[in-house]
1. Output the residue which, of all residues in the range 139-176 that are aromatic (Phe, Trp, Tyr) and in contact with a Gly (Cβ under 8 Å, 6 or more places away or on another chain), is nearest to ILE188 (Cα to Cα).
2. So which residues in the range 171-186 are touching a residue at least 40 places away in the same chain (Cβ under 8 Å), closer than 18 Å to PRO105 by Cα and part of a helix (DSSP H, G or I)?
3. Which number in (1) of a type in the set (A, V, I, L, M); (2) under 26 Å from TRP65 (Cα atoms); (3) crowded, with 19+ Cβ neighbours inside 10 Å marks the one condition that LEU112 misses?
4. Restricting the range 56-92 to residues that are β-branched (Val, Ile, Thr) and in a helix (DSSP H, G or I), which is farthest from ARG170 (Cα to Cα)?
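The values are calculated or read from the model by the stated rules, or taken from the named source; none is laboratory data. Model, not experiment: these values are computed from the prediction. Note that each Cβ is placed from the backbone with ideal geometry, even for glycine, and that neighbours are counted across all protein chains shown.
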Amino acid sequence: MDYKRFLLPVFVIALLLLVGAGVSGLSAATLRARHVSRKASPRLLAPRKHFVNPRLTRTLRATTWRWQLIVGRRPSRSVAPLGSPRALRFWRRQARRMMWLAAHPPHKRAWLCIHRYEGSWRDGGDPYWGGLQMDRSFMRTYAPRFLLRRGWANRWTSLEQMWVAERAHRSGRGFYAWPNTARLCRLI
């Protein structure tokens, strides 16, 4: 019981000291502000430069270039150094734009209709591969880079398969590479 008698006066004194400091106008925020203002150097007051992770910028650039290759566009170039905030903004904007564009092929409904009658996106049966049933000569003609890097069409994503088919469509073949299913889908 003696410790309670001892702690009560200590608590009251501490409370009075805190109230006295508040009354005198020297609050903790004021003391911190005065302390910082005396020690502030010009380096601390200068505007901070944003740190940009060059690895993130390189990843965004690689993503952009990958989708530009798939879509059939020329690779973008940035004049800003890779570690600058300007380059990060540029590659982030380009990556968003290309990913949106790649997700919306021009004849997407037609390719999905053809896919519905053809096979699974992962169909690996010889002589036709993928969801749009591409044969070897078709893949060699319209997707030689994919063929070298990723193998047959059953290893490509569905968007990559649609863009390769779009490349064939743009070359003048139209939907005639899929004569039966294109008729079922009323494309020819």
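1. TRP163
2. If the condition is that a residue be touching a residue at least 40 places away in the same chain (Cβ under 8 Å), closer than 18 Å to PRO105 by Cα and part of a helix (DSSP H, G or I), then ALA182 is the only one that fits.
3. (3) is the only condition that LEU112 fails.
4. That would be THR57.
Listed here are the residues, each with its yes/no results for (1) on the phi < 0 side of the Ramachandran plot; (2) charged (D, E, K, R); (3) at pLDDT below 90.
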residue	(1), (2), (3)
ARG38	yes, yes, yes
HIS50	yes, no, yes
ARG74	yes, yes, no
SER78	yes, no, yes
